[in-house]
Amino acid sequence: VFLTTIVATLATDLLVGIGAGMAMGLLLCIGRGIPVGLLLPPRLNIAKRSDGEYVVAVLGTAVFGNWLSLRRRILELTDARRVVLDLSQTALVDHTVMVKLAQLQSDFSDGGRQLELTGIDRHASLSPHPMAARVLPRAR
């Protein structure tokens, strides 16, 4: 994706390069078997527990293209001291979202709140890097 973006930017202009990079990312996701519909804004199940804690289950994918929507929905839970983000049913969590979730956890902590990630341990990492993209193995 990065190489595509750089080459297209150098060959044309910045907007075309960004578009080419996004298109390549989309093609890679489709190539990994992720349906196009799952790359749109994430489907979320948000439940408030009796103790005031929220559980946000992400269904589908958590990728660069839908991160802002996911982040907005999490930040709307302003009355929650603790938010559990359940990724156990998320088919793909890309590297960008992994980094952004770590930053959001830090922001929550700085504000005296807690953001806990669950279900990510069921995913296969695409590289040894701690912020690498994660794919949920398909049941056979």
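The values are calculated or read from the model by the stated rules, or taken from the named source; none is laboratory data. Everything quoted here is computed from the prediction, not taken from an experiment. Here Cβ is always computed from backbone atoms with ideal geometry, including for glycine, and neighbour counts include all displayed protein chains. All accessible areas refer to the heavy atoms of the entire protein, side chains included, with ligands and DNA or RNA removed. Shrake-Rupley method; radii C 1.70, N 1.55, O 1.52, S 1.80 Å.
Structural remarks
- For the residues 19, 25, 65, the requirement of being over 18 Å from the mean Cα position of the chain (by Cα), in a helix (DSSP H, G or I) and farther than 20 Å from residue 119 by Cα singles out 19.
- Taken over the stretch 36-57, residues that are closer than 16 Å to residue 93 by Cβ and either of a type outside the set (A, V, I, L, M, F, W, C) or modelled with pLDDT of 95 or more (or both) amount to 5.
- Boolean, residue 30 is loosely packed, with under 14 Cβ neighbours inside 10 Å, modelled with pLDDT under 90 and in a helix (DSSP H, G or I): yes
- Evaluation of residue 124 against (1) among the hydrophobic types (A, V, I, L, M, F, W, C); (2) surrounded by 12 or more Cβ atoms within 10 Å (Cβ to Cβ); (3) at pLDDT 90 or above (one fails), failing number: (2)
- When each of 101, 85, 126 is tested for being closer than 17 Å to residue 45 by Cβ and of a type outside the set (Ser, Thr, Tyr), the lone residue that passes is 85.
- Residue tally, condition open to solvent by 10 Å² or more (accessible area, probe 1.4 Å) and either on the phi > 0 side of the Ramachandran plot or in a strand (DSSP E or B) (or both), over the stretch 68-83: 1
- Scope the stretch 127-140; condition surrounded by 13 or more Cβ atoms within 10 Å (Cβ to Cβ) and part of a loop (DSSP other than H, G, I, E, B); matching residues: 131, 132, 133, 136
- The set of residues in the stretch 58-67 being open to solvent by 20 Å² or more (accessible area, probe 1.4 Å) and more than 9 Å from residue 41 (Cα to Cα) consists of 59, 64.
- Restricting the stretch 119-135 to residues that are touching a Leu at 6+ places or on another chain (Cβ under 7 Å) and without any contact (Cβ under 8 Å) to a residue 40 or more places away in the chain, the residue that is nearest to residue 89 (Cα to Cα): 119
- The residues in the stretch 84-118 that are part of a loop (DSSP other than H, G, I, E, B) and either surrounded by fewer than 18 Cβ atoms within 10 Å (Cβ to Cβ) or touching a His at 6+ places or on another chain (Cβ under 6 Å) (or both) can be counted, and the count is 5.
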